[in-house]
Amino acid sequence: MNFDFNDEQKMLQKGARDFFEKECPKALVRQMAADEKGNPPELWKKMAQLGWLGLIYPEQYGGGAGTMIDLVALEEEMGRACLPGAFFSTVLLGGLFILNAGSEEQKKDLLTKIGKGETILTLALTESTGSYEASAVETTAVAEKDDFVINGTKLYIPDAHIADYIICVARTKKGAKAEEGLTAFLVDRKSAGITCTLLKTIAGDKLCEVVFNKVKVSKKNIVGKLDQAWEPLEKTLQQVTVARCAEMVGGAQKVLEMSADHTKQRIVFDRPLGSFPVIQHYIANMVIDIDGSRFLTYEAAWRLSEGLSCAKEIAMAKAWTSEAYRRVTANGHEIYGGIGFTVESDMHLYFRRAKAAEVTLGDANYQRKVLAKELRK
Amino acid sequence: MDFKEYSIGEFDTEEQKKFRQEVREWINKNMDPRLSTTAEERGLPPDTDSDMTRAFGRKLAAKGWLVPEWPKEFGGAGLTAEQRYIINQEVAARNIELPGHWGNFQGGVPGPTMMKFATEEQKKEWLPKIAAGALFSLGYTEPNAGTDLASLQMRAVSDGDDYIINGQKMFSSGVDKADYHWLLVRTNPNVPKHKGISLLVADLKSSGVTIKEMHTISGMATHEIFYDNVRVPKKNRIGPEDGGWGITREALSIERASVGSSPWAPKIVEELIKYAKETMHNGKPLYDDPLVEQSLAQLAIEVNILRLFSHRINWMVDSGMNPAWTGAESKIWEAETSQRVANQGMQILGMSCQLEPGSKWAPINGRVELGYRETVVRTFGGGSDEMMRSVIATVSMGLPREPQMTMPVKK
């Protein structure tokens, strides 16, 4: 039993913390929240040079052959830094789906390019309901000679507006179960018939509405097998969910540290704020919330990298961390008081991200439903 | 990172498999088979005080397995931490919960505390007794010293080679069956209250000791103990005179670390899941009710966090780290999760939740009803959760302590 990162992971963690402190100051985070594109090109290039964009891909695709636990170490630092940009859409959602489902040629081409920072990719799964379940996919793709023609509206698609390719999940067959008959297509974003509208979001995440109006895609651009996209999709979502949990843990940890510092500096009634038990108890609750989130996430990541069953553990991690991160930021705001309510404070950056992360990839209610199903077996 | 210890047997090496098999066979041979079933039949939690449990504990002791990791010279079996886990897991799997100071397989509170603070002579005298199954009861709380333990007033006055003890302790659980009292006394009333406390081991058979039962809402008895001019030899003092407080803080953190691993809550969650699957409501399993489903899933997460917290402490201890405030974290979590499990369980059971163990129609043998009463104590027993939260904030995050208003100790 070991709850800690190994030496290499600790080095990665420290390297990433130093790097983001220098290269991703909160001024940049704010700038990117307001920016139309939202992916800082310099930072993206440097992350590629450090090997982080390809960290989790195998060596034969130019990657670093990192494990889920390596990714967790890196993601915690990203969460701490409020890193803006396309890591989530490109490296995780898009890249991992290619890795899990793509042909050798697709993997070689796309993963190598992602690792070098040359391609932006995203996955278009969710639609108007915002649900990640297969039953939510109503977009259709109909075969027409050597092509498929896609029709439908995808919603909450991260970074679609700057993506080179969108992996669009569409219904190609009506199966007995919703999970059957889904196919993933690699679509050039500049294809005729695609309209992309950027939405305004609480955390400045670049989520888009993507309308597919008779968009033609060559059959060669199917990723994985016809009608059988669900299995690799599910695996991708599991991996991405663990990574997102780690990002939340990192953000929550930073909020805790900021809050604890504040209670030591701030003097009220002639005493440091932190000497009041009621404030100490807020801090303790934050510690407990974060430790629970952290260990659930670590265990899920470990099981995932060992190839063990992990549906239960991942649902637990996301259900718990979603709510814990929100509670931690609420405590942080209470401790900061009025100053945390101003835009100059960093507290709201985390508060906003916590809510966005909570609802992304299935909120706590959804994850508990998944878990309850597993527990019933 | 690895979480192999998490699951029984799943990740055993060949060597560990062999050892586990050996432990199972030994338990089969030495355990009274009624031990696993009686508690269940009577609708009571595993009976920690029954004679059968104690007889089994003594057999473990004879084998050196009450303290498997201790060297043989102190009565242990010289085994590894992994082997201790296996013994612990296999005993717990039979639904046997050994009395408090036996149950952590590390000598309870007195064992590790003596390992650290006792003289070599004392270790030679006491550790083998602990390994052989001597039972200790913790003598901390007094009528006017609970959460603020350092206010304790039981007096120890020096008289030659002895101390003469006068005063009262209360909530000393298990003291009626115990051999020794792990006793905090005031040796100096003329200094600030933390600086005049000493730690003694008192033989409960000494003359002048009177034990009186106190009845609690869980149905379990606890005790108050009166000391009337009781002689305790000075050689039974652990640590320096007036230096008991620092040792006690460590002892309390050892105690908290072991509290957090109670198997009660996870077992009840399992039972509730089974109940919700099997019980029909409006023609459908109760489990189909989305509120029940959400509640059960949430409880399953909370008990899983409990398990992870307790594994983390074991990992820290085994790798030579000081678990410090993590014991407080684990203790809070165990207490509050148990209360939530009990309360949510009662809600899921509905009308029938009020039926006591042994009653006709009592679901899950009334264990949830009993637990609902029993868990009340957990958020303040063994250090109140409020104190624990302040420990976490000040120790783990370095928050300043609350300023003390010092009041003189009453003489």
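The values are calculated or read from the model by the stated rules, or taken from the named source; none is laboratory data. Nothing here was measured: the structure is a model prediction, and the numbers come from that model. Cβ atoms come from the backbone with ideal geometry, glycine included; neighbour counts cover every protein chain shown.
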* Kindly indicate whether any position in segment B:229-237 is on the phi < 0 side of the Ramachandran plot, in a loop (DSSP other than H, G, I, E, B) and surrounded by fewer than 15 Cβ atoms within 10 Å (Cβ to Cβ). => no
* Entirely in segment A:263-377, the helices (runs of 4 or more DSSP H) that have 3 or more residues that are more than 8 Å from every other protein chain (Cβ to nearest Cβ) and of a type in the set (A, V, I, L, M, F, W, C) -> A:277-306, A:311-336, A:347-359
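Give the residues of segment A:347-357 that are touching a residue at least 60 places away in the same chain (Cβ under 8 Å) and not small (G, A, S), sorted by residue number.
Across segment A:347-357, the qualifying residues are A:M347, A:L349, A:Y350, A:R352, A:R353, A:K355.
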* Please name all residue pairs, on different chains or six or more residues apart, with Cβ atoms under 9 Å, provided the first residue is in segment B:386-406 and is more than 7 Å from every other protein chain (Cβ to nearest Cβ) and on the phi < 0 side of the Ramachandran plot and the second residue is outside any loop (DSSP other than H, G, I, E, B) and of a type in the set (A, V, I, L, M, F, W, C). => B:M387/B:A328; B:M388/A:A284; B:M388/B:A328; B:M388/B:I332; B:M388/B:A335; B:V391/A:A284; B:V391/B:A328; B:V395/B:A328
* Asked: With B:G345, B:G366, B:G371, B:G381 as the choices, which residue is surrounded by fewer than 19 Cβ atoms within 10 Å (Cβ to Cβ) and either within 25 Å of the chain's Cα centre (by Cα) or not aromatic (F, W, Y) (or both)?
  -> B:G381
* Asked: Among the residues of segment B:28-50, is there at least one that is surrounded by 13 or more Cβ atoms within 10 Å (Cβ to Cβ) and at pLDDT 90 or above?
  -> yes
* Asked: Yes or no: B:W333 outside the structural domain of B:M220 (by TED's automatic domain parsing), buried (at least 19 other Cβ atoms within 10 Å of the Cβ) and more than 30 Å from B:S295 (Cβ to Cβ)?
  -> no
* Among what's in segment A:261-296 and is free of Cβ contacts under 8 Å to residues at least 24 places away in the same chain and under 27 Å from the mean Cα position of the chain (by Cα), pick the residue that is nearest to A:K318 (Cα to Cα). => A:D291
* Asked: What are the residues in segment A:1-27 that are in contact (Cβ under 8 Å) with a residue 12 or more places away in the chain, of a type in the set (A, V, I, L, M, F, W, C) and in a helix (DSSP H, G or I), if any?
  -> A:L12, A:A16, A:F19, A:F20
* Single condition B:A300 does not satisfy, out of (1) surrounded by 22 or more Cβ atoms within 10 Å (Cβ to Cβ); (2) of a type in the set (G, A, S); (3) more than 27 Å from the chain's Cα centre (by Cα) -> (3)
* To do: Scan A:K26, A:K10 and give me the residue that is within 14 Å of chain B (Cβ to nearest Cβ) and either closer than 30 Å to A:Q106 by Cβ or over 19 Å from the mean Cα position of the chain (by Cα) (or both).
  => A:K10
